[in-house]
Amino acid sequence: MLDTTQIIIENQNHLNVDDQSRISLSNANQHLDWLESEAIFILREVAAEFKNPVLLFSGGKDSAVLLHLAYKAFHPEKIGFVLLHIDTGHNYGEVIEYRDRIAQCYDSMLHVRSVEDSIRRGTVRLRDPLESRNAHQSVTLLEAIEELAFDVCLGGARRDEEKARAKERVFSLRDEFGQWDPKNQRPELWMLFNTRIRPGEHMRVFPLSNWTELDIWQYIEREGIELPPLYFAHDRTVVRRGEILAPVTEITPPKPGETTETVRCRFRTVGDISCTAPVESTAVTIDEIIAEIRSCKITERGATRLDDRASEAAMEQRKKEGYF
Amino acid sequence: MTAPLTPNLTPSESGNSAKSLLRFITAGSVDDGKSSLIGRLLYDTQSIHSDQITAIQQTSAKRGLSELDLSLLTDGLQAEREQGITIDIAYRYFNTEQRKFIIGDAPGHEQYTRNMVTAASTADLAILLVDARKGVVTQTRRHTYLAHLLGVNAIVLAVNKMDLVDWRQDIYQTIRDDYLAFAASLGIEQICALPICALKGDNIVHASRSMNWYDGPTLIDHLNRVSAHRDRSENPLRFPVQRVARVKLGNGAAIKNNDLNKEFRGYQGTLASGMLVVGDEVLALPSRLAAKIKSVKLANQSLPHATPDLSVVVELDREIDISRGDMLVAKNDLPETVREIHADICWLSEEPLHTRRKYLIKHTTRTVRCLFSDLHYRVDVNTLQKHLKPSDIVMNDIVRVELKLQQPLFVDHYAENRVTGSFIIIDEATHATIAAGVIV
């Protein structure tokens, strides 16, 4: 038998748990404190180094967390960012109601720019009036950035969502076309973020880069952040398409021959109606949602995003075109 | 062809449990099994969802593989798959009951130095992979040196592919002893060595059945337990001011329904080291004016003190002129105020150094102009030999330099403080981040 010298120079007190808790951040969920502090640092860095920042607020859970973090970062100052929502026109009413009410709660100016307007301007052309407008958001977003002269957009995207996102920087430079160039990203070291841009360029900043879906829910629970009711289990009319539950709405009617049913379900991601699907669930509290996520075997986007299923590189392609 | 899906680590049932964070990097040369190791860690800790598994099953089948290729899990972008290369650092996440882990996964190609330095800058621990058939090689020494340079003090030496050397203890021990001798020469303090087989999962999450002679921890046991994060609360106070918050009554800048009854002026920042304790006297740099800490707040929560890494807003008991880039420090233990720094830099840019040009240096929350006044030596990262007075600096070079600063910076040695001892250099013309440095 080998003696216990595998850990050769392991300092004894390194394993002292009491010692560890003393030095750590304030409470039990140290990882949440750390993530929160990191996000606050990033938000303040944006406020300090850019002229005209905007926070993309869709009413989804990640942007709700981001807005709450912005509140904590600047308190007792008001949040120093205006809010922007790119509305595909295909959003759930509950989410739009929530979006407007929360923006008011935080006393933040909310700009809404809609894909509908881009269609009217002719910058977005649909092949089919009912097709998903999700990918077209990029056009409207870039138009809004130009119109309102934003030099930085804060978004709630996370690296654990998708493999193209795993390689995204916290501060991600975009050219006039909003393009992400994965081969030409700035190295990011320590917490020293290079915020320099040229006229015409803008920065996308992702303060939640290091958060996972579970972290988000634990944080929502700890901070008591309000969410749209769609995130909790409710009865909904759907049709089953393979493993996917497709919600039945005015813009997503059942196809001929499909039978509708009522299913107890909730949304894991909330976005354009045509490309987000609910999952079967009975979770009505955050605790129950967390338990569900812990035992869940399907990724957040895999379960519910109809747009990422198209191809293995779907997200990468959309990001190159200016998508978040 | 599928690996078993049955959970072996039972996820905790309760919603919240005490959990700390560990950030680590994995390093190895191209075929040392780095992707397999990461894939295995994610797979065996139940961090992989069934839709991802289905995707790699399909790809494995398409490529005619008989087993599930876990390295596909870390396969990145389309551009990379087409060219069969890895472009960039990817960050991966997984949890155990004890900890949240962030892996900085840096590719092992020509640009390795640059990528590894980047990933190591935020890591607490490095896993160095060696192939049991090859032992400690040039790359192992290079990676160890770079990890050490970037202040990663906890190292795990993972001797991989033990199956290909018939699980032999003597081979493992020779490699381990070789490595320890080398690491000791660099002054690395905390090393754990273990024999593994990433492909089959031996000693990653589950103890190996093929190496009964090994009775140490598995990799995940070690990662769960190791304390690689340095306690910086005992170090002298360093609080770089990120922003000044100024709220006057009725000027519309305050949040609604606030409990402010007078003007608020606070300094926002993230504590680099030491403790911010209400009532303590601190010094503001560069003014060197003293004040007492009146409050430490996180949103509407008043804290008696703040510990390192916490982002807070600090009020002082008197008004002194403080702006972004200034620093609150311990009264009797100041950082050095310097117009000249000695540093080891890693050149990140494809464009070489122009010695006569001025560059921007970003250090904490302060950005000033700098000039390369002297190039002392370049370190050959393969032999660790110093080449005196290099005439130029190109990508991936590690060079000891002297920089002249247009305005002073408040610095500590990197070995003592990773925040006040580090900087990046930005090209004012291209806006590229061209170098990163640690103050020696």
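The values are calculated or read from the model by the stated rules, or taken from the named source; none is laboratory data. None of these values were measured; they are calculated from a predicted model. Here the Cβ positions follow ideal geometry from the backbone for every residue, glycine too, while neighbour counts run over all protein chains shown. We work out accessible area using only protein heavy atoms, side chains counted, and drop any ligands, DNA or RNA first. Shrake-Rupley method; radii C 1.70, N 1.55, O 1.52, S 1.80 Å.
A few comments on the model shown:
- Pairs over the 20 Å Cα-Cα cut-off, from the set B:Lys248/B:Lys294; A:Lys167/B:Lys34; B:Lys34/B:Lys161; A:Lys61/A:Lys167: A:Lys61/A:Lys167.
- Both chains summed, the buried accessible area for B and A stands near 8600 Å², from protein heavy atoms and a 1.4 Å probe.
- Whole-Hz Karplus values for region B:346-361 come out as 10, 7, 9, 9, 6, 8, x, 5, 9, 5, 8, 8, 8, 10, 9, 10 Hz, taken residue by residue from phi with 6.51 cos²θ - 1.76 cosθ + 1.60 and θ = phi - 60°; glycine and proline positions read x.
- Bins of 10 Å, starting at 0 and running to the largest distance - Cα pair percent for region B:238-330: 17, 53, 26, 3
- Region B:190-241: projected area of the alpha-carbon convex hull, averaged over directions, in nm²: 5.8
- What the phi angles of region A:169-183 give under the Karplus curve with 6.51, -1.76 and 1.60, with θ = phi - 60°, is a coupling list of 7, 5, 9, 10, 7, 10, 7, 4, 8, x, 6, 9, 10, x, 7 Hz, glycine and proline written as x.
- Summed side-chain charge close to B:Ala290 - residues other than B:Ala290 whose Cβ falls under 12 Å, Lys, Arg +1, Asp, Glu -1: +1
- Quarter of the Cα convex hull surface for region A:141-292, i.e. its orientation-mean projected area (nm²): 12.2
- Contact residues in region A:136-178 (at least 20 Å² less accessible area with all protein chains than alone, 1.4 Å probe): A:Arg159, A:Lys163, A:Ala166, A:Lys167, A:Arg169.
- Its Cα centre serving as origin, region B:336-439 has a Cβ charge dipole (Lys and Arg +1, Asp and Glu -1) of approximately 260 debye.
- Cβ-Cβ FRET estimate between A:Ser295 and B:Arg209, R0 fixed at 30 Å, reported to 0.05: 0.60
- Backbone HN-Hα couplings from phi across region B:324-336 [Karplus 6.51/-1.76/1.60, Hz, Gly and Pro as x]: 3, x, 7, 9, 8, 9, 5, 4, 10, 8, 8, x, 7
- Cβ-defined net charge surrounding B:Leu384, 10 Å radius [Lys, Arg +1; Asp, Glu -1]: +2
- Radius 12 Å from Cβ of B:Trp347, net charge of other residues (Lys, Arg +1; Asp, Glu -1): -4
- The label-point distance for B:Asp31 and A:Glu97, in a model that sets each label 7 Å from Cα toward Cβ, rounds to 6.3 nm.
- Per-pair calculated FRET efficiency, R0 = 22 Å: B:Arg168 and B:Asp221 via Cβ, rounded to 0.05: 0.45
- Sequence-distant residues sharing a close amide H with B:Leu289 (under 5 Å, placed H): B:Ala284
- Qualifying lysines (Cα of each under 17 Å from Cα of B:Lys362; at least 8 residues distant if same chain): B:Lys404
- Taking the inverse of the mean 1/r over every pair of distinct Cα atoms in region B:336-439 gives a Kirkwood hydrodynamic radius of 13.6 Å.
- Using 0.36 nm per residue and subtracting the Cα-Cα separation, the extra length available between B:Lys358 and B:His413 on full extension is 17.5 nm.
- Farthest toward positive dipole pole in region B:336-439 [+1 Lys/Arg, -1 Asp/Glu at C-beta], among B:Val401, B:Thr383, B:Leu371: B:Leu371
- Estimated D of region A:27-125 in µm² per second, where Rh is the Kirkwood radius over Cα pairs and Stokes-Einstein applies at 4 °C, 1.567 mPa s: 87
- Förster-model FRET efficiency, 22 Å R0, B:Leu289 and B:Glu336, C-beta, rounded to 0.05: 0.75
- Low-density loop cleavage sites - chymotrypsin sites (Phe, Trp or Tyr not before Pro) in region A:108-183, where at most 14 other Cβ are within 10 Å (DSSP): A:Phe177
- Distance between the 7 Å Cα→Cβ label points at B:Val440 and B:Ala184: 2.4 nm.
- Net lengthening on full extension, A:Glu250/A:Asn184 (0.36 nm per residue, minus Cα-Cα): 19.5 nm
- Loop sites in region B:269-323: GluC sites (Glu not before Pro), DSSP, at most 12 other Cβ within 10 Å: B:Glu319
- Length-normalised contact order of region B:238-330 in % [C-alpha pairs under 8 Å, at least 6 apart]: 36
- Taking the Cα centre of region A:30-214 as reference, the dipole from Cβ charges on Lys and Arg (+1) and Asp and Glu (-1) amounts to some 360 debye.
- Relative to the compact-globule estimate of 2.2 N^0.38 Å, the Cα radius of gyration of region A:30-214 comes out at 1.02.
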